[in-house]
Amino acid sequence: MSAGWIVGLADAAAADVATVGGKGAGLHRLVALGARVPAGFVVTTDAFRAALDTVAAQVEAPLQALGPDAPIDAVERAAAQARARLLRTASAGPVLEEVRAAYDDLAGGIARVAVRSSAVGEDAAGASFAGEHDTFLEIRGRDAVADAVCRCWASLYTARAVSYREHAGAGPAGAMAVVVQEMVPARAAGVFMTLNPANGDRSTVVCEAVWGLGEPLVSGAVTPDRFVVDKVSGEVVRREIADKPRQLVRGEMPGTAEVDVSAERRGRPCLDDAELAELLDLARRVERDAGVPQDGEFAVAEPGGPARVHLLQTRPETVWSTRAPRAATNGSGARTALSAVLATLTRGAAATSTTPEGTPDHGG
Amino acid sequence: MAADRFPSPFDIETPPGAEGWESMYDWYHLFGSERRELDEGRFWFADRLHHPDVLHPYDEIQCECWWQALGAFNTRIFAMPPAFGVDQRIVNGRLYVTPVAAPAEDVAARAEEFGKRAGHYYERWDAIYTEWKEKVTAKLEEIRALRFEPLPDLEPESTVFDHTGHSAGFRMIRDFDRLVLTMYETYQYHFELLNIGYAAYLTFFAMCRQAFPDISDQSISRMVGGLRVELYRPDDELKRLAKEAQRLGLVERLSGTEDAATLFAALRQDAAGAEWVADWERTADPWFLINTDPGHPGGYHTYPTWADQPDIPLASVREYLRRLTDGESIDRPTDEVLAERDRITAGYRELLADDDRATFDDTVALARQVFAFIEEHVLYIEHWMWATFWAKSHELSRALAAMGEIDEPEDMFFLRRYEVAEAIYDCVAAWSVGSRPRGADHLRPLIARRREIYTALRAWEPPPALGPPPTQIDEPFTVMLWGITTASVSEWLRADGDDGTLRGTAGSPGVVEGPVRVVTHPSELPDVQPGDVLVCPATSPAWAPVFARTAATVSDVGGIMSHTAIVCREYGMPAVVGTGNAVATLRTGQRVRVDGDTGVVTVL
């Protein structure tokens, strides 16, 4: 047993981004805030390095051999070789034994878990690395979990990840942490932002959600319900309810399954007011703690208690949070109530909202 | 079929039986061929907010008061930059209005004047408002002191021994002029503060929407409202009387259904009951001087006040007593509303850009100052002044009937105010000379004909608007006060959009379902059952107590600053206002869903 390979989300060590990656550190912060976060642990970057210690040079060799302007199919081939070498050489050894043991400690070794990459530099403000590394859902059993951890590591070496790092100037693969968390058997799930990405309104939390697991929403495969909630008054100021014919759920076997939504449920809102209120409260706390607008993912467990919204991750919103809040005085330079009155009266239309400059997207 | 314009005012036909209706109103209040070119190009909408029903000739005074005063203060006194006054015309007995814009090239120069002039008021608002209350109260006392009585056979000795030097007949002529002029004067004060107040209030709305495009109107008004304004005092007095009844052990005796006169007579039989009735009577002046018109209080001479018809406030006291007996709290949660107001104000303020916060603070402070006036002026003018004006008018009409100048008191209201002055002179001259007035004989056929016309006009359903609609309705007062927007006007044009839904303005949030109760006259208020959806032309603060019973309110007219919307927000009850035609469309007993979040009413 080597200290520092496995770190619980609540452990102080999980505050260190270099050890647990961006996602892991974000989850630690949520746990420290008292938010409801699925139980789990992080396989640290130290574990990654220990596992690859003797084999790293061998794994990366095919990529090192590539020239700076290598054609895409050559990158593909080299990346595939690197992954194969990694999976072959890293799957044995003491590090993965510790992963198996940590999984056994989590809900007696029968839990279904999500295994997600948490690379250093991922999920930081300014670069989302959204979807560039792999995630494995509904994994059960100690060997399956160890295998998924290995595959996460290997996803450092997909062609797209290699290209993305190249493009982002992020350099060689570095080290990757992996988060292993219990799956929330989600009745509904989605994403939220602590501002309205359509107009930069910081008084709202915008939330999109679907029935079942949130992955189809994050990947853009389905049209979600959309709710705009006022951060201050708590009112739901807008609801756009989508037709949601399919959902991703926990499969009979480990893994997920896409199934039909019953006719009477597909057109119904997938979040109720109590759930929205709980999400709003969490979103506000997260934003206040971080000091900048946030976006994040959440899942709503099956009914069973009043509090059932779980946060799966949060991170700084990357577009609007770098700008100043919208001006209340619309550039009129009004400094007193009288000058504001004059600005309003001479503008003609009272209180028409302006067209936003640019419409940043969610960034998954 | 959607048309692109409303009928021309010059193509409106006279309803059968109403021929000659024009003689009931002042000639300058009518469409006429001389102004055709101007008037046909304008967009006129029916002012059902202030005048939902056919105007009696005498009641035209009501329209004239605000026509002139609003116009003068906007156009000539404060130089409201974008807006002149609101022009008026009467068609088939209904009032149509059109806001007049200031010429675009004048706006900058007007803004400079407005800054000086309105700025003077904003800086001294509270002091000016204190003076204002004194001015208006003095006017109220002036008209309360007027007495209209049948002229005496012989003047009292005091006329001689006090050297009064003039006759009771002269005083009747003089006092009618005073009554009308004092009402006019009060309307100057009404608009001395109202539109610059609204301008400040609107500015706060505009500022919030600019910073927070998604913010709801309700959130903005909650940052400003919740004050302990005197407008709630009448309702608070009813609550106090309910508590007094409980303290005096009268719960049982008040729980019946007998009318106020019978009940009060019975209560006077013992000490506790007599104490309560005496309390009621003390409270009634001035707190029950509350007009019960749907819409703009005091708009017509025909609606009683609470004091005239104590059954209305009594029904509310009984309702409060029932809730007290059930252990409910009947107090308005003013402290909670204020705490919530401060909490959300701080919440939005925190989200602003740093250099906007000082302007926000200054503007919200001004908006709160003006809001107290916006609420309270209704009590001083729409209730106290108009109730007294109509009461004195009724007193005059009784005196004229007693003297045989007209056959019955109500006849006077079928005369225009200038004709009333003529009738008074006729009456006084004959009295003075000891001769016979031409009066009733001359007026009888005229009044009889006007009564027929009035009935024929009431059967006419006025189109919501006349003339070509502007492409964009953004005149701030039209939007805020009348609730008329580009969208609502296109909805009117769609006319027969009969898909079982009505659209209006989301006046107060929440969604409920319930049976419709159409109420067009306050005498129908006692019919309202707990859980009913109140459907009305508009509500008046006088109706506030009924809100304790209703599940939601739907009104034909009004915007987010209408009384319906304000009171419903206070009571935490959904409201859809400014639907245009809910009263004509919905039937008592139908089940509807009222969505106060989106402003939609759906027939289920």
Answer yes if at least one residue in segment A:302-324 is over 22 Å from the mean Cα position of the chain (by Cα), within 14 Å of chain B (Cβ to nearest Cβ) and modelled with pLDDT under 90, and no otherwise. yes
Inspect segment B:441-452 for any residue being touching a Pro at 6+ places or on another chain (Cβ under 8 Å), assigned to a helix (DSSP H, G or I) and in the same structural domain as B:Glu19 (by TED's automatic domain parsing) and give the result as yes or no. yes
Quickly run through segment A:333-364 and pick out the residues that are at pLDDT 65 or above, more than 7 Å from chain B (Cβ to nearest Cβ) and surrounded by fewer than 18 Cβ atoms within 10 Å (Cβ to Cβ). A:Gly333
Out of B:Pro464, B:Pro468, sole residue that is touching a Lys or Arg at 6+ places or on another chain (Cβ under 6 Å), more than 14 Å from chain A (Cβ to nearest Cβ) and modelled with pLDDT of 80 or more: B:Pro468
If you check B:Arg147 against the conditions, is it more than 25 Å from B:Thr388 (Cβ to Cβ) and charged (D, E, K, R)? no
Return only the number of the condition from (1) surrounded by 22 or more Cβ atoms within 10 Å (Cβ to Cβ); (2) touching a Leu at 6+ places or on another chain (Cβ under 7 Å) that B:Ala111 does not satisfy. (1)
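Listed here are the residues, each with its yes/no results for (1) assigned by TED's automatic domain parsing to the domain that holds B:Gln62; (2) surrounded by 21 or more Cβ atoms within 10 Å (Cβ to Cβ); (3) at pLDDT below 90; (4) in contact with a helix residue (DSSP H, G or I) (Cβ under 7 Å, 6 or more places away or on another chain).
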site: B:Asp279; (1), (2), (3), (4): no, no, no, yes
site: B:Arg282; (1), (2), (3), (4): no, no, no, no
site: B:Leu289; (1), (2), (3), (4): no, yes, no, yes
site: B:Gly295; (1), (2), (3), (4): no, yes, yes, no
site: B:Tyr300; (1), (2), (3), (4): no, yes, no, no
site: B:Ala307; (1), (2), (3), (4): no, no, no, yes
site: B:Ile312; (1), (2), (3), (4): no, yes, yes, yes
site: B:Ser316; (1), (2), (3), (4): no, yes, yes, yes
Quick one: is B:Glu419 away from chain A (no Cβ under 14 Å), of a type in the set (Asp, Glu), in a helix (DSSP H, G or I) and over 28 Å from B:Glu37 (Cα atoms)? yes
Looking at B:Pro57, B:Pro52, can you tell me which residue is modelled with pLDDT of 95 or more and crowded, with 22+ Cβ neighbours inside 10 Å? B:Pro57
Tell me, please, whether a residue that is away from every other protein chain (no Cβ under 14 Å) and of a type in the set (Lys, Arg) can be found in segment B:209-223. no
If I filter segment B:79-108 down to residues being outside any strand (DSSP E or B) and away from chain A (no Cβ under 14 Å), which single residue comes out as surrounded by the fewest Cβ atoms within 10 Å (Cβ to Cβ)? B:Asn92
Only residues that are surrounded by 15 or more Cβ atoms within 10 Å (Cβ to Cβ) and within 17 Å of A:Val210 (Cα to Cα): list them for segment A:281-303, please. A:Asp295, A:Gly296, A:Glu297, A:Phe298, A:Ala299, A:Val300, A:Ala301
Enumeration of residues in segment B:406-416 that are over 23 Å from the mean Cα position of the chain (by Cα) and not in a helix (DSSP H, G or I): B:Ile406, B:Asp407, B:Glu408
When the residues of segment B:439-450 are narrowed to those that are loosely packed, with under 14 Cβ neighbours inside 10 Å and either charged (D, E, K, R) or within 14 Å of chain A (Cβ to nearest Cβ) (or both), which ends up nearest to B:Glu410 (Cα to Cα)? B:Arg444
Of all residues in segment A:63-104 being free of Cβ contacts under 8 Å to residues at least 40 places away in the same chain and in a loop (DSSP other than H, G, I, E, B), which is nearest to A:Arg49 (Cα to Cα)? A:Ala92
Just checking, does segment B:518-526 include any residue being within 26 Å of B:Ile381 (Cα to Cα), assigned to a loop (DSSP other than H, G, I, E, B), out of contact with any Cys (no Cβ under 9 Å at 6 or more places or on another chain) and at pLDDT below 85? yes
Consider segment B:57-70. How many of its residues are assigned to a loop (DSSP other than H, G, I, E, B) and touching an Asp or Glu at 6+ places or on another chain (Cβ under 9 Å)? 2
Please specify each residue of segment A:214-234 satisfying the condition of being over 12 Å from A:Leu271 (Cβ atoms) and at pLDDT 90 or above. A:Val228, A:Asp230, A:Lys231, A:Val232, A:Ser233, A:Gly234
Does segment B:206-213 include one or more residues that are in a helix (DSSP H, G or I), aromatic (Phe, Trp, Tyr) and surrounded by 15 or more Cβ atoms within 10 Å (Cβ to Cβ)? no
Within segment A:228-262, the residues that are assigned to a strand (DSSP E or B) and among the small types (Gly, Ala, Ser) are A:Ala257
Out of (1) hydroxyl-bearing (Ser, Thr, Tyr); (2) in a loop (DSSP other than H, G, I, E, B); (3) closer than 29 Å to B:Asn74 by Cα, the odd one out for B:Tyr189 is which? (2)
Matching residues in segment B:471-493 - criterion: being aliphatic (A, V, I, L, M) and either within 14 Å of chain A (Cβ to nearest Cβ) or under 22 Å from the mean Cα position of the chain (by Cα) (or both): B:Ile473, B:Val479, B:Met480, B:Leu481, B:Ile484, B:Ala487
If you go through A:Ala47, A:Ala13, A:Ala82, the only one that is more than 24 Å from the chain's Cα centre (by Cα) and more than 23 Å from A:Ala299 (Cα to Cα) is A:Ala82
Please count how many residues of segment B:72-105 are under 29 Å from A:Ser339 (Cα atoms) and under 21 Å from the mean Cα position of the chain (by Cα). 8
Suppose the filter is in contact with a helix residue (DSSP H, G or I) (Cβ under 7 Å, 6 or more places away or on another chain), in a loop (DSSP other than H, G, I, E, B), in contact (Cβ under 8 Å) with a residue 60 or more places away in the chain and surrounded by 15 or more Cβ atoms within 10 Å (Cβ to Cβ); does B:Leu324 pass it? no
Determine which member of the set B:Gln269, B:Gln246 is more than 14 Å from chain A (Cβ to nearest Cβ), assigned to a helix (DSSP H, G or I) and surrounded by fewer than 21 Cβ atoms within 10 Å (Cβ to Cβ). B:Gln246
Scan segment B:553-582 and report the pairs whose first residue is on the phi > 0 side of the Ramachandran plot and whose second residue is assigned to a helix (DSSP H, G or I), with Cβ atoms within less than 8 Å and a gap of 6+ or a chain change. B:Gly558/B:Trp482; B:Gly558/B:Thr564; B:Gly558/B:Ala565; B:Gly578/B:Trp482; B:Gly578/B:Ser488; B:Gly580/B:Ser488; B:Gly580/B:Glu491; B:Gly580/B:Trp492
Exactly one condition in (1) surrounded by 17 or more Cβ atoms within 10 Å (Cβ to Cβ); (2) at pLDDT 90 or above is false for A:Ala242; which is it? (2)
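The values are calculated or read from the model by the stated rules, or taken from the named source; none is laboratory data. From a predicted model like this one, the values you see are computed outputs, not experimental measurements. Every residue, glycine among them, receives a Cβ derived from its backbone with ideal geometry; neighbour counts consider all protein chains shown.
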